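The values are calculated or read from the model by the stated rules, or taken from the named source; none is laboratory data. Since this is a predicted model, take the numbers as computed values, not measurements. Virtual Cβ from ideal backbone geometry, glycine too; neighbours counted across all protein chains shown. Side chains are part of the model used for accessible areas, which takes the heavy atoms of the whole protein and leaves out ligands, DNA and RNA. Shrake-Rupley method; radii C 1.70, N 1.55, O 1.52, S 1.80 Å.
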Amino acid sequence: MADTGGLLVITAHPDDEALIAGGTLAACAAHGVPTGVVCLTLGEDGPISDPALATPGSLGETRREELSAACAQLGVRFIVCLRHEDGNLKWADPNAIVGRLVRIIERRRPNAVVSFGEDGLYYHPDHVATSELTERSVRHAALRPALYRAVWPPSLMSDLVSELRRRGLPDDLWGVAPEAFGSESECTSVTIDVRRFVERKLRALQAHRTQLPSEHAFAAIPGDLAERFLGFERFVQVGGAVDWLQETLGHA
Ligand SMILES: [Zn+2]
């Protein structure tokens with residue numbers, strides 16, 4: 001019998017789940033709340049940190065395995081990989097994707113769904129598309145879960161990179177400029193304190209080995225900086241009458 005209820009995180013690529021909601025997923029697991037991750041692509045077009053880990057031809061399958069390892073760290077009970085083309089979600093048939101997501105939502109009946117905000121974390125086209133597709137899917141589902149967008153404060157990664165540089169530590173963020181992350185556009189409606197779970201979240205991020213070269217900021221981030229910069233997950237609720245995240249984890 002499938003786990004029903006709980007939290008469903010819908011993302012574009014393996015590693016997004018740990019990045020936008022790793023601590024929240026781990027907190028749910030600690031509370032005995034079922035969780036699942038739906039990933040729309042295998043991220044097969046992404047970089048490869050070390051040629052010993054994968055080839056361009058095998059990267060998708062390797063990243064699927066990395067997603068399993070990351071989700072094991074976070075206590076995620078089920079993973080669905082939809083294998084749409086990486087980098088192409090904006091141009092994929094939205095009705096086909098929404099149809100599949102609606103079926104998953106209706107079968108799993110999550111209390112809450114988390115995906116990207118409208119800014120896609122740093123305006124990654126696949127992330128922006130995933131945010132839109134998730135909202136459409138939740139609207140179309142027979143039993144509507146509460147819907148949350150993950151949001152990052154605009155200076156979060158810039159401040160982290162400044163601290164890392166001051167300490168002479170690696171500071172790469174997938175080659176993305178730190179000031180590109182986050183936006184002012186949305187007000188946070190719920191902040192989950194996940195400091196207790198930040199080590200698990202880091203282990204999940206690090207399980208995505210092909211995405212984390214040794215010069216990456218998260219490869220050797222000290223515990224105090226991990227708590228400060230990865231220890232709070234912020235969400236904006238855009239659907240559903242009850243603030244499920246706040247009620248379930250807000251007083252954790
Ligand atoms: Zn991504």
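I need a count of the residues in the stretch 160-178 that are surrounded by 15 or more Cβ atoms within 10 Å (Cβ to Cβ) and not in a loop (DSSP other than H, G, I, E, B).
First pass over the stretch 160-178, keeping only residues surrounded by 15 or more Cβ atoms within 10 Å (Cβ to Cβ): 160-161, 163-164, 169-174, 178.
Retained after the next criterion (residues that are not in a loop (DSSP other than H, G, I, E, B)): 160-161, 163-164, 172, 178.
Residues that pass the stated criteria total 6.
Scanning the stretch 130-146 for residues that are of a type in the set (A, V, I, L, M) and in contact with a Phe, Trp or Tyr (Cβ under 8 Å, 6 or more places away or on another chain) yields a count of 1. Among the residues of the stretch 126-152, those that are in contact with a Gly (Cβ under 7 Å, 6 or more places away or on another chain) and open to solvent by less than 40 Å² (accessible area, probe 1.4 Å) comprise D126, H127, V128, S131, V138, P145, A146, L147, R149, A150, V151, W152.
Would you check if E61 is acidic (D, E) and crowded, with 20+ Cβ neighbours inside 10 Å? No; evaluated as a whole, the condition is false for this residue.
Looking at the stretch 112-131, can you tell me whether even one residue there is over 23 Å from R209 (Cα atoms), within 15 Å of the ligand (Cβ to nearest atom), part of a helix (DSSP H, G or I) and at pLDDT below 95? Yes, the stretch 112-131 has at least one match.
The strands (runs of 3 or more DSSP E) found entirely in the stretch 1-102 that carry 2 or more residues being within 16 Å of the ligand (Cβ to nearest atom) and closer than 24 Å to P213 by Cβ are 35-41.
If the condition is being touching a helix residue (DSSP H, G or I) at 6+ places or on another chain (Cβ under 7 Å) and not polar (S, T, N, Q), then the stretch 125-137 contributes P125, D126, H127, V128, A129, L133, R136. Taking the stated definitions as given, is A70 small (G, A, S) and open to solvent by 10 Å² or more (accessible area, probe 1.4 Å)? Spelling it out, it is not the case that A70 is small (G, A, S) and open to solvent by 10 Å² or more (accessible area, probe 1.4 Å). Would you confirm whether or not the stretch 25-47 contains a residue that is surrounded by 24 or more Cβ atoms within 10 Å (Cβ to Cβ), closer than 15 Å to V198 by Cα and not aliphatic (A, V, I, L, M)? Looking for residues that are surrounded by 24 or more Cβ atoms within 10 Å (Cβ to Cβ), closer than 15 Å to V198 by Cα and not aliphatic (A, V, I, L, M), one finds at least one in the stretch 25-47, hence yes.
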